[in-house]
Amino acid sequence: MPKSIHSTQPPLKFIPQRFNPLILKTLHWLLPFFLRFRTRPWLPAGIIQIEAKNAEVLAELYQKFQSGKIRFLIAFRHPEVEDPLSMMYLLSRIVPRVARQKNIPLEYPLHSYFLYDRGMTLWAGNWLGWLFSRAGGIPIRRGKRIDRQAIQTARELFANGKMAIAVAPEGGTNGHSGIVSPLEPGVAQLGFWCVEDLQKANRSEEVFIIPVAIQYRYPQPPWQKLDWLLSKLEADSGLPAQEINKSADQNREEILYQRLCRLAEHLISEMEEFYRRFYHQDIPETISTEESASPNEILIARLHRLMDKALHVAEEYFGIQSQGNYIDRCRRLEETGWSYIYREDLPDMQTLSPLKRGLADWIAEEADLRMQHMRLAESFVAVTATYIKEQPTAERFAETLLLIFDVLSRIKDSTLPGRPRLGWKASQITIGEPISVTERWQKSQGDRQTTRQGMSNLTQELQTALEKLISPDSTQNL
């Protein structure tokens, strides 16, 4: 992450897609190293195993794509930042191997264009934009109402590009392998546009969307490191050490869960008082819930109320309405904040008077600080009351603790340090059944309302497909 911003910045320019096969070949060669040592080469943590289910589906689709029979978009789940590496391994290693086994003729290398968040280059550096551009990436500003350059580029490549295109329909990571966030409508819109573009060009290719789920597990559950991380979070939050009674019927998971709930309740209480006292938010000591609500449900209700207040503080400053779900609100705040920092209305900052430059710097610094309220809420958009209770696995404990680590890091420091590496991970990829966009488009012809409903139905169908792919029944044989 970048350090806190103290001055106005140049406009965020669009980074054109400039696919370079040599860069792709280099990335394929370096991929095993990236998987194992993505951030810290000296730590024994990374992805050591990647498995895929139904990879032959992709092999057959690529064969049809290369034969000019179809166009397709890969809609993949995006729970963690490692997902692009998993996808690259799937296309460069697993699919070619399955194709050889099934005698499916393919032209190599296999790859796809892809959309990525323009904000990634802000915390990683300009080098990432250069690399993603040469790897076939298209930057998109998530909160912008219409990012015309990104949308037009993606639309053109979907219909006419030499490769398929990949998009994360959730719009960003949510930190949960077992929860699919609400999908954004862009994938369905791109699919309908592609069918229309092919129809106008009198082309007969059928258009598909391929749902792909990615999940992670620890081959050796890192219980000791989870205990260490929880102890660190307790200390950082100022929570006094407390001896938890270890009765005979309590196992390790139950004890860890008790400590996690205690930490969560303490953090929420501290943040509620913070927003009451310093931002004058009306946060009652109690919260209205159903009489049958469990302590977990009450805690989540308080968390959601706190997220709403944090977003409201930022929205009030920027003068925007509180509309949509938490994700919608976060996206809108991000884009508005960027407009205060990356000033498109100041193309040449060198010509500004010292007064105007000083005021611009002042606004940029304050906007960056106000956006931190949004970042706090953004970390918990997928948290539920039952996520760990349903499956008290090391993976779900790790996901939740790492989200808390992110929040405490944002509050303690002006930068977000690298997450602690808890141990080697395995990536599980499941490819779903192709969804024919052409068929859905044909059924949605009529007035504008019918078309919009057709895209909405397609988005919901994709959501259901992704949720089914991450269900225990879908992955138990991997």
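Using each residue's phi in region 147-153, evaluate 6.51 cos²θ - 1.76 cosθ + 1.60 at θ = phi - 60° and report the 3J(HN,Hα) Karplus result to the nearest Hz, with x for Gly and Pro.
Each residue's phi maps through the Karplus curve to give 8, 4, 5, 5, 5, 5, 5 Hz.
Keeping the other protein chains in place, figure out the carbon and sulfur percent of the accessible area of the chain, with a 1.4 Å probe.
On the way: 12330 of 23770 Å².
Solvent-exposed carbon and sulfur of the chain make up 52 percent of the total.
Give the distance, in whole Å, between the Cα centre of region 99-125 and the Cα centre of region 129-183.
Centre-to-centre distance over Cα atoms comes out at 12 Å.
In nanometres, what is the gap between the two model label sites at HIS266 and LYS69, each 7 Å from Cα along Cα-to-Cβ?
Once both label points are built, they end up 6.1 nm from each other.
Can you give me the P(r) profile for region 90-141? Cα pairs, bins 5 angstrom wide beginning at 0, each as a whole percent.
5, 18, 22, 14, 12, 12, 10, 6, 2
For region 240-390, what is the charge dipole size about the Cα centre, in debye to the nearest 20, if Lys and Arg each add +1 at the Cβ and Asp and Glu each add -1 at the Cβ?
Values: 18 positive and 28 negative charges, 48 e Å.
Dipole of region 240-390, to the nearest 20 debye: 220 debye.
Under unit Cβ charges (Lys, Arg +1; Asp, Glu -1), what dipole magnitude, rounded to 20 debye, does the chain have relative to its Cα centre?
On the way: 59 positive and 57 negative charges, 385 e Å.
Roughly 1840 debye, rounded to the nearest 20.
Give me the accessible area per residue for region 293-374, probe 1.4 Å, as a whole number in Å².
Working: 4120 Å² over 82 residues.
Per-residue value: 50 Å².
Residue farthest toward the positive end of the dipole of region 334-463, with Cβ of Lys/Arg at +1 and Asp/Glu at -1: which of VAL437, ILE404, TRP338?
After comparing all options, I get ILE404.
Working from the pairwise distances between different alpha carbons, so that the mean of 1/r is found and then inverted, what is region 161-291's Kirkwood radius in Å?
Details: mean 1/r = 0.0488 Å⁻¹.
Roughly 20.5 Å, rounded to one decimal.
How do LYS389, LYS225 rank by accessible surface area computed with a 1.4 Å probe, from largest to smallest?
Values: LYS389 125, LYS225 85 Å².
These residues rank, largest area first, as LYS389, LYS225.
Which of the following values of Rg and Dmax of the Cα atoms in Å was calculated from the structure shown: (i) 23.5, 73; (ii) 26.4, 80; (iii) 22.6, 66?
It is the value labelled (i).
Got the relative contact order for region 240-390 handy, in percent, Cα pairs under 8 Å and 6 or more residues apart? Working shown, then result.
Values: 83 pairs, mean separation 38.6, N = 151.
Here the relative contact order equals 26 percent.
Could you give the radius of gyration (one decimal) and Dmax (whole number) of the Cα atoms in region 240-390, in Å?
Both quantities, over Cα of region 240-390: 20.4, 73 Å.
Heavy atoms only, 1.4 Å probe, whole protein assembly: order ARG145, ARG217 by accessible area, highest first.
Working: ARG145 215, ARG217 65 Å².
I get ARG145, ARG217, largest accessible area first.
Would you mind computing, in nm to one decimal, how far apart the modelled labels at GLN258 and PHE37 are, each placed 7 Å from Cα along Cα→Cβ?
My value for the distance between the label points is 4.2 nm.
Could you put SER7, SER181 in order of accessible surface area, largest first, with the 1.4 Å probe and the full protein assembly present?
On the way: SER7 40, SER181 10 Å².
Sorted descending by solvent-accessible area, the residues read SER7, SER181.
Normalise the Debye intensity by I(0) for region 70-183, one equal point scatterer per Cα, no solvent, then take log10 at q = 0.13, 0.18, 0.20 Å⁻¹ and round to two decimals.
-0.55, -1.04, -1.24
Restricting to the chain, what percent of DSSP beta bridges are antiparallel, rounded to 5?
On the way: 8 of 32 bridges.
So the antiparallel bridges amount to about 25 percent of the total.
Using only protein heavy atoms and a 1.4 Å probe, report how much of LEU239 is accessible, in Å² to the nearest 10.
Roughly 20 Å² of LEU239 is accessible to a 1.4 Å probe.
Which FRET efficiency, nearest 0.05, do LYS162 and HIS6 yield, Cβ-Cβ r, R0 56 Å? Please list the in-between numbers first.
Working: r = 44 Å, r/R0 = 0.78.
For R0 = 56 Å, the calculated efficiency reads 0.80.
Which entries of LYS356/LYS412; LYS144/LYS356; LYS144/LYS412; LYS25/LYS162 show an alpha-carbon separation above 23 angstrom in the structure shown? Can you show the working numbers first?
On the way: LYS356/LYS412 31 Å; LYS144/LYS356 26 Å; LYS144/LYS412 30 Å; LYS25/LYS162 16 Å.
The pairs that break the limit, which is 23 Å between Cα atoms, are LYS356/LYS412; LYS144/LYS356; LYS144/LYS412.
Can you tell me the FRET efficiency between GLU433 and LEU355 if r is taken as the Cβ-Cβ distance and R0 is 45 Å, rounded to the nearest 0.05? Mind dumping the intermediate values first?
Values: r = 62 Å, r/R0 = 1.37.
Efficiency, rounded to the nearest 0.05: 0.15.
Say a site is exposed when it is one of the GluC sites (Glu not before Pro), sits in a DSSP loop, and has at most 16 other Cβ atoms within 10 Å; what is then the longest site-free stretch of the chain? Before the final figure, lay out each step's value.
Working: sites that count: GLU107, GLU243, GLU285, GLU290, GLU291, GLU344.
By the stated rule (loop sites, at most 16 other Cβ atoms within 10 Å), 108-242.
With a 1.4 Å probe and every protein chain left in place, work out the accessible area per residue of region 46-131 in Å², rounded to a whole number.
Values: 3580 Å² over 86 residues.
Per-residue accessible area for region 46-131 comes out at 42 Å².
The values are calculated or read from the model by the stated rules, or taken from the named source; none is laboratory data. Computed from a prediction, not measured in an experiment: that's the story for all the values here. As a convention, Cβ positions derive from the backbone with ideal geometry for all residues, glycine included, and neighbour counts pool all protein chains shown. For accessibility, only protein heavy atoms count, side chains too; no ligands or nucleic acids. Shrake-Rupley method; radii C 1.70, N 1.55, O 1.52, S 1.80 Å.
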